[in-house]
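Right, one structure below, let's go through it.
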Amino acid sequence: MTSPRADSSVGEGPRGPNRPRSSFTGRALILAVVAVTLFLALAVPVRTWFAQRAEIAQLRADVEGARDRVAALQLEKLRWDDPAFVAAEARRRLHFVLPGEIGYVTLGADATEEEIAALAAADEPWFGALWGAVRSADEANTKTSDAKTSDAKTSDAKTTTKADKTSETKTTDNRTTDKASDAVTG
């Protein structure tokens, strides 16, 4: 006699007839769902962490740049505290000369045409520059007044034409009225 267990183990499994086992089980499905959930839950904080690390690196570089700039400014301040440096810069930038010296300004190859023209214009006396400004203002005023005058003449001609027609009509009416009153009285 065979036991029921022996029969069940030969041809059937505990859940029914022998089926080919699937490689995707319920436990694997639950594990996959948990893994995806963890991945999605950690994706945003990890991305934020990387962004913050990049921002921190950028800020550190900015701080280093600011420190370098401060060091350069401190060095420049030390230079400006030296009276000899100040005198040299005044001579170079402002063309200051010491008493008894003669200052020369040379135009080198690096001078542009605009600089040369500005120096040539500086040779003109002040009243010549003033008179030139008055002339240019007068020319600009003449051009705008000519344009306004031509516009005004055009509009005056239109107004005159309408006024002339109106006065002619009134004159004709007055003559007719005068003739009628002369005929009645006379």
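Using the Cα atoms of segment 28-100 to build a convex hull, what is its mean projected area in square nanometres?
Working: hull surface 30.2 nm².
Average of the hull's projected areas for segment 28-100 equals 7.5 nm².
Using the Cβ atoms and a cut-off under 13 Å, what net charge is assigned to the surroundings of residue 89, where Lys and Arg are +1 and Asp and Glu are -1? Before the final figure, lay out the partial values.
On the way: positive: 79, 91, 92, 93; negative: 76, 81, 82.
Net charge around residue 89: +1.
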Inset, instruction - Could you tell me which of 39, 58, 85 has its Cα farthest along the dipole of segment 28-100 towards the positive end, charges placed at Cβ (Lys, Arg +1; Asp, Glu -1), taken about the Cα centre? - result: 85
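Where a number appears in this text, it was derived from the coordinates with a stated rule and is not lab data. Given the structure is predicted, the values throughout are model-derived calculations rather than measurements. Reconstructed Cβ throughout: ideal geometry from the backbone, glycine too, with neighbour counts over all protein chains shown.
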